[in-house]
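Reading through the structure tokens given below for one structure.
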Amino acid sequence: MTRHLTLRPYAPADLAAIYDICLRTADAGKDGTHLYRDPWVLGHRYAGPYVALEPNYAFVLDDGERVVGYILGVPDSIRFAAESEAKWFSLLRPLYPLPGSQDKSPDAGAHRLIHAGCPAPEQPWLSQYPAHLHIDLLPAAQGRGQGRALMEALWGALRSAGVPGVHLGVGAANPRANAFYRHLGFTELEKVEGRFWTLGYDLR
Ligand code: ACO
């Protein structure tokens, strides 16, 4: 049965579901549960600080029983870098010791992400695209126009705050998401060949 989906603002009770979706879309858009021993660590990087520090820019899809998708944004990546460092990553690091360089496991990679924090890209385009976002839908919610709807909800919130543009990073291993963003009108800001693209969307 195809369930009706409601798009609504994030509520604190959604946190565990958002962490779960983060993991279930972590393998270049596909289920990453088999890759990580720690099911929470990716959420600590890509979800927790966003909803904790910028809850007004977080929206979810609710099928009546559970949350099946989200978009998480921040209006100002420079401010978010500083706040997430002071109020999030610096507190988490003692729980996630930096692994040795010989440890190539996905968990070790995720621990390194906690140590890297979320610095803003030092690029000339950042003033034009100061916001950034993450979006993930479970497979049952994909391909039904809900990704666009989530994006439009975030764009609306960012426009209301006078934000001129938003950027995102997408891995080269995720051609579906890459094509989705370009279809919506995102343009290429940067490319690291074979690894990832940085794309931008003009909100003015
Ligand atoms: N190629 C071309 N057009 C596409 C593609 C594609 N691969 N996918 C969607 N579209 C088009 C649709 O046809 C539709 O067009 P229209 O509105 O003009 O009719 C429009 O894009 C919107 O499509 P949706 O159905 O809203 O897309 P969906 O709900 O599947 O959301 C998303 C796309 C977010 C990539 C979703 O499939 C998903 O969550 N995938 C798994 C997780 C993932 O990869 N997340 C991105 C990680 S990168 C990051 O967060 C920055």
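Yes or no: LYS104 in contact with a helix residue (DSSP H, G or I) (Cβ under 7 Å, 6 or more places away or on another chain) and either in contact (Cβ under 8 Å) with a residue 12 or more places away in the chain or closer than 27 Å to VAL192 by Cβ (or both)? Step through it out loud before you land on a result.
Working: in contact with a helix residue (DSSP H, G or I) (Cβ under 7 Å, 6 or more places away or on another chain): no; either in contact (Cβ under 8 Å) with a residue 12 or more places away in the chain or closer than 27 Å to VAL192 by Cβ (or both): yes.
Criteria not met by LYS104.
May I ask you to list the residues in segment 151-190 that are over 17 Å from ILE71 (Cβ atoms) and within 15 Å of the ligand (Cβ to nearest atom)?
Quick first cut of segment 151-190, residues over 17 Å from ILE71 (Cβ atoms) only: 162, 164, 171-173, 175, 179, 182, 187-190.
Answer for segment 151-190, where residues must be over 17 Å from ILE71 (Cβ atoms) and within 15 Å of the ligand (Cβ to nearest atom): GLY171, ALA172, ALA173, PRO175, ALA179, ARG182, THR187, GLU188, LEU189, GLU190.
Of the numbered conditions (1) buried (at least 19 other Cβ atoms within 10 Å of the Cβ); (2) closer than 23 Å to ALA11 by Cα, ASP76 satisfies every one except a single condition; which is it?
Here ASP76 meets the rest and fails (1).
In segment 168-187, how many residues are outside any loop (DSSP other than H, G, I, E, B) and in contact with a Leu (Cβ under 6 Å, 6 or more places away or on another chain)? Spell out how you get there, then give the answer.
In the first step, residues of segment 168-187 are kept if they are outside any loop (DSSP other than H, G, I, E, B); the result is 168-171, 175-184, 187.
With in contact with a Leu (Cβ under 6 Å, 6 or more places away or on another chain) added as a condition, the list becomes 168, 181.
Residues flagged as outside any loop (DSSP other than H, G, I, E, B) and in contact with a Leu (Cβ under 6 Å, 6 or more places away or on another chain) within segment 168-187 amount to 2.
Among the residues of segment 61-79, which ones are part of a loop (DSSP other than H, G, I, E, B) and either over 19 Å from ILE21 (Cα atoms) or within 16 Å of the chain's Cα centre (by Cα) (or both)?
Going through segment 61-79, the residues part of a loop (DSSP other than H, G, I, E, B) turn out to be 63-66, 75-76.
Residues satisfying the conditions are PRO75, ASP76.
Could you please let me know if TYR57 is modelled with pLDDT of 95 or more and in contact with an Asp or Glu (Cβ under 9 Å, 6 or more places away or on another chain)? It would help to see each step written out before you state the result.
Working: modelled with pLDDT of 95 or more: yes; in contact with an Asp or Glu (Cβ under 9 Å, 6 or more places away or on another chain): no.
The answer is no for TYR57.
Does SER84 fit the bill of being polar (S, T, N, Q), touching a Phe, Trp or Tyr at 6+ places or on another chain (Cβ under 9 Å), free of Cβ contacts under 8 Å to residues at least 40 places away in the same chain and surrounded by 14 or more Cβ atoms within 10 Å (Cβ to Cβ)? Full working, then the answer.
Working: polar (S, T, N, Q): yes; touching a Phe, Trp or Tyr at 6+ places or on another chain (Cβ under 9 Å): yes; free of Cβ contacts under 8 Å to residues at least 40 places away in the same chain: yes; surrounded by 14 or more Cβ atoms within 10 Å (Cβ to Cβ): yes.
Answer is yes for this residue.
Please work out which one of (1) at pLDDT below 95; (2) in a strand (DSSP E or B) is the condition LEU133 fails and give its number.
Result: LEU133 passes all but (1).
The values are calculated or read from the model by the stated rules, or taken from the named source; none is laboratory data. Just so you know, these numbers come straight off a predicted model, no measurement behind them. Cβ atoms come from the backbone with ideal geometry, glycine included; neighbour counts cover every protein chain shown.
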